[in-house]
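Worksheet: the structure to be examined is printed underneath.
The values are calculated or read from the model by the stated rules, or taken from the named source; none is laboratory data. Computed from a prediction, not measured in an experiment: that's the story for all the values here. Methodologically, a virtual Cβ is constructed for each residue, glycine included, from the backbone with ideal geometry; neighbour enumeration extends over all protein chains shown.
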Amino acid sequence: MFLTEEQIKKIGKALTKTMILINNNQFSFLEELTGTSAFSSNLQYDSLYPSATEDIASYYREFKKTGSFLTIGASGEHVINAINSGATKIDVYDSNLLCEYALSLRLAAIKALSYEEYLTYYQTFDSDLFIKLADYLDNEAHAYWTTLYYNLSLHGNPSNILSHLLFVYKRLDKNLVKKINPYLDPKNFQNLKKKIASANITFIPSDLYSLPKHITNQTYDVINCSNIYEYLNFYPNVTLEKAKQYRNFIINELYPHLNNSGTILVSYLYAWSDELKKDFDKMYKETNGHIVKTGAISLAEYPYYLNGLTSQNLAYSYLFDAFANDPLEKIPTNHVQFGQSKDMSHDLALILRKK
């Protein structure tokens, strides 16, 4: 295995930052109590998602062309589902540099493990299963993950540490993970092992708003913005101006990079709909702009929370206002687990097509 001096420095920095992150995550309960969340759109080294949190299966059916994708990295499952749908050109962007290694880990796991082993690995990060997949990692990712597993073994059980202190975001039930991800149909999973070899994947270390300088002269059949909007318009500074800024970026900066008959997933909204927009705006006005803050919720605030008077829903309402005159399609999807409103029956995918 040959690594350049630049790659060695990059991996060393990532490992150092990862160990700091893991140490800090031991005390993350303080953020939950106080509401001082590190929710951000541009942290360079941040915690990882063990799985997607959207009903990908529902909205991927809306994509008419799927040969080329520009998609968020996140858990890596957006990329895997893109390959499953037939994509051979995939540009993956994320401001979290650890997502590059997380994506390589997921690709290697699919190549090396059986269906059941794969599902088990992403529930446990078992060291024995890691040994089976390690040789399928690219050189950089191999150096990162093998060193990380070794370093963590000096401090305890690396599987437990990774599960609870690196892949910290809520782990969904295995059956739900299978339901929302088309690639986890057993037949699709077997075919993926061959499809991955034909996929040209490029990782772009970039936040959303910096993307245009990285994709000059590039066009795509699908541009996936997932739920990034929430990271850009988050408590305590949720504003209509930020929603309008996001809308203008989608229309003016991303839409020109869409092929004819292509689709942009503008945003994924949890537990939201047109009807809830009306209810929320009415309640927001009647309570003089009362919003439940992040963090622990008092008994007095709980009724407001149950009705959906949250900063997340305020951001959603502003997003609807910002795109009010645009030809957005609103695709109801199955509800996953996130968000809070008076109607928890489904989520919503907002898409924009280029005809």
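If the condition is being surrounded by fewer than 18 Cβ atoms within 10 Å (Cβ to Cβ), within 29 Å of ASN259 (Cβ to Cβ) and within 18 Å of the chain's Cα centre (by Cα), then segment 331-350 contributes only ASN334.
Taking residues in segment 269-290 that are aliphatic (A, V, I, L, M), and partners anywhere that are surrounded by 12 or more Cβ atoms within 10 Å (Cβ to Cβ) and assigned to a helix (DSSP H, G or I), the pairs with Cβ atoms closer than 6 Å and at least 6 places apart or on different chains are LEU269/TYR316.
Listed by first and then second residue, the pairs with beta-carbon distance under 6 Å, at least 6 apart or on different chains, first residue in segment 232-246 and surrounded by fewer than 20 Cβ atoms within 10 Å (Cβ to Cβ), second of a type in the set (Lys, Arg), form an empty list. Within the set PHE63, PHE130, the sole residue that is out of contact with any Lys or Arg (no Cβ under 9 Å at 6 or more places or on another chain) and in a loop (DSSP other than H, G, I, E, B) turns out to be PHE63. Against the list (1) touching a residue at least 24 places away in the same chain (Cβ under 8 Å); (2) assigned to a loop (DSSP other than H, G, I, E, B), the condition ALA324 fails is (1). When the residues of segment 68-85 are filtered to those that are part of a loop (DSSP other than H, G, I, E, B) and in contact (Cβ under 8 Å) with a residue 60 or more places away in the chain, the one that is farthest from the chain's Cα centre (by Cα) is SER85. Of everything in segment 216-273 that is among the aromatic types (Phe, Trp, Tyr), assigned to a loop (DSSP other than H, G, I, E, B) and modelled with pLDDT under 95, the residue that is farthest from LEU328 (Cα to Cα) is TYR235. Residue count for segment 334-348 satisfying the condition of being assigned to a loop (DSSP other than H, G, I, E, B) and in contact with a helix residue (DSSP H, G or I) (Cβ under 8 Å, 6 or more places away or on another chain): 7. Look at segment 95-124: where a residue is more than 18 Å from ASN139 (Cβ to Cβ) and a partner is among the aliphatic types (A, V, I, L, M) and not in a helix (DSSP H, G or I), sitting 6+ places away or on another chain with Cβ atoms under 7 Å, you get SER95/LEU43; ASN96/LEU43; TYR121/LEU113.
The single condition among (1) crowded, with 23+ Cβ neighbours inside 10 Å; (2) in contact with a Leu (Cβ under 8 Å, 6 or more places away or on another chain); (3) under 16 Å from SER226 (Cα atoms) that VAL292 does not satisfy is (3). Any residue in segment 166-174 that is farther than 25 Å from SER267 by Cα and in a helix (DSSP H, G or I)? No, segment 166-174 contains no residue that is farther than 25 Å from SER267 by Cα and in a helix (DSSP H, G or I). Restricting the first member to segment 139-159 and to residues that are over 16 Å from ILE20 (Cα atoms) and modelled with pLDDT of 95 or more, and the second to residues that are assigned to a helix (DSSP H, G or I) and of a type in the set (Phe, Trp, Tyr), the beta-carbon pairs closer than 9 Å and six or more apart or on different chains are GLU140/TYR101; ALA141/TYR101; HIS142/TYR136; THR146/PHE130; SER159/PHE130; SER159/TYR149. The residue list LEU103, LEU97 contains one member that is closer than 13 Å to ILE204 by Cβ, surrounded by fewer than 22 Cβ atoms within 10 Å (Cβ to Cβ) and hydrophobic (A, V, I, L, M, F, W, C), which is LEU97.
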